[in-house]
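Please read the structure below before turning to the comments.
The values are calculated or read from the model by the stated rules, or taken from the named source; none is laboratory data. Nothing here was measured: the structure is a model prediction, and the numbers come from that model. Here the Cβ positions follow ideal geometry from the backbone for every residue, glycine too, while neighbour counts run over all protein chains shown. Please note that ligands, DNA and RNA were not included when accessible areas were found on the heavy atoms of the full protein model with its side chains. Shrake-Rupley method; radii C 1.70, N 1.55, O 1.52, S 1.80 Å.
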Amino acid sequence: MDEGPINVADFERLAAGKLDAGALGYFAGGAGDEITLADNVAAWSRWRLRPRVLADVSEVTTEVDLFGAPVSMPILVAPVAYQRLVDPEGEVGMARAAAEAGTAMCLSTLATTRPSELAAAAPAGRRWFQLYCFRDEAVTRALMDEAVDSGFEAIVVTVDAPRGGNRERDRRTGFEIPASLGVPSVAAAMGVERAVTIEETFALMDPALSWRDLEELASECSLPVLVKGLLTAEDAELAVAHGAAGVVVSNHGGRQLDRALASGDALPEVVDAVAGRATVLVDGGIRRGIDVATALALGADAVLVGRPALWGLAAAGSEGVARVLGMLREELQLTLGLCGCTSPGDLTRAHVQRAPLASVYSV
């Protein structure tokens, strides 16, 4: 009997069958030759688990604490732009599913729903806000203030997109974001009532953003500020030194700089550099609960998933997102138990090792 989709890959296939070529390419594609896009997924398989046995795993929890409050699992929904391209509810449906799953959602600056609207539509969920910084500091502050006033719990500043990446899939399909969607949070921050286009929004962003700007923003914000888009120990050190409460190891889903390090390969050096002084999250290529467990064993406090949640939304709306998150949680719980762990915090680097290199003599 067909039980429907049973993993993230199944949901991706369902989503691909529902979306037109332009929208599918926008969300699925990466920069250039898409080497980093593919490598993000492959990187997690370059690690092998070292399970421990004869441990009492009769009760296994996936719950963790993040910034002083619990979430049901160390799997959060990453910021993804323009979600109404795949579902009429868009970010609202995503937020409701995250709340149902007991985890947090990070809302993109480029969302089709304002922070205040999301909070009203899904008041029970935990919410973070992903922030792009603008040349006009008043716009940046207005975006941040709306998130704070709407009960969001953290600000996640994306720093790896001073310019847009070379996304050739969009060029081949001729895809453009419909002007009617707009960016309502930016329009409100600018004090205009018309739709603000993606081109206008990117033109307003500040390519001169510096560590000094980050420090000023973190010192003025009443919420924890995380820096998203780090891949090196050097930048992790700078982030902590300039007031970041957390970092997100990320290459923007392979959408910015092709041939950049895969997130799974960059994670260990960032964890070592942070050395427990800040929260460490990672995104990029997470498709299985085993990937989550690997990230936790390497030192991440939690992961964010973008495309998997979006495929759920495209395939079956809010219910699809809830099913994807539930699948990942169940896979993580099973992996924990089979590794001899009763909670995510039990995972350490002793539970992972690099996979052996393939030999030319392998058959």
Across (1) farther than 27 Å from Leu298 by Cβ; (2) at pLDDT 95 or above; (3) open to solvent by less than 10 Å² (accessible area, probe 1.4 Å), Arg96 clears everything bar (3)
The one condition Gly284 fails out of (1) of a type outside the set (A, V, I, L, M, F, W, C); (2) over 15 Å from Val8 (Cα atoms); (3) buried (at least 24 other Cβ atoms within 10 Å of the Cβ) is (2)
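Of these, Ala31, Ala55, which one is more than 25 Å from Pro356 (Cβ to Cβ), over 20 Å from the mean Cα position of the chain (by Cα) and not in a helix (DSSP H, G or I)?
Working: Ala31 fails: over 20 Å from the mean Cα position of the chain (by Cα).
Only one candidate passes the filter, namely Ala55.
A quick yes/no check of all residues on (1) of a type in the set (Asp, Glu); (2) within 21 Å of Leu334 (Cα to Cα):
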site: Ala9; (1), (2): no, yes
site: Ala15; (1), (2): no, no
site: Tyr26; (1), (2): no, no
site: Gly29; (1), (2): no, no
site: Gly32; (1), (2): no, no
site: Asp39; (1), (2): yes, no
site: Val64; (1), (2): no, yes
site: Leu85; (1), (2): no, no
site: Gly90; (1), (2): no, no
Of the residues Val292, Val271, only one is open to solvent by less than 30 Å² (accessible area, probe 1.4 Å), within 23 Å of Trp128 (Cα to Cα) and in contact with a Gly (Cβ under 8 Å, 6 or more places away or on another chain); which? Val271
Long-range neighbours under 9 Å by Cβ, at least six apart or interchain, first residue at positive phi and of a type outside the set (Asp, Glu) within the range 246-269, second part of a helix (DSSP H, G or I) and open to solvent by 10 Å² or more (accessible area, probe 1.4 Å): Gly253/Leu37; Gly253/Arg307; Gly254/Ile35; Gly254/Leu37; Gly254/Ala38; Gly254/Asp39; Arg259/Ile35; Arg259/Asp39
Reported set for the range 1-41 where residues are modelled with pLDDT of 95 or more and loosely packed, with under 14 Cβ neighbours inside 10 Å is Ile6, Ala9, Arg13, Gly17, Asp20, Ala21, Asp33
Scan the range 50-83 residue by residue and report those that are open to solvent by less than 60 Å² (accessible area, probe 1.4 Å), aliphatic (A, V, I, L, M) and either over 30 Å from Ile198 (Cα atoms) or out of contact with any Gly (no Cβ under 6 Å at 6 or more places or on another chain) (or both). Ala55, Val57, Val60, Val64, Leu66, Ala69, Val71, Met73, Ile75, Leu76, Val77, Ala81
Inside the range 155-175, can you point out the residues that are buried (at least 22 other Cβ atoms within 10 Å of the Cβ) and touching a Ser or Thr at 6+ places or on another chain (Cβ under 9 Å)? Thr158
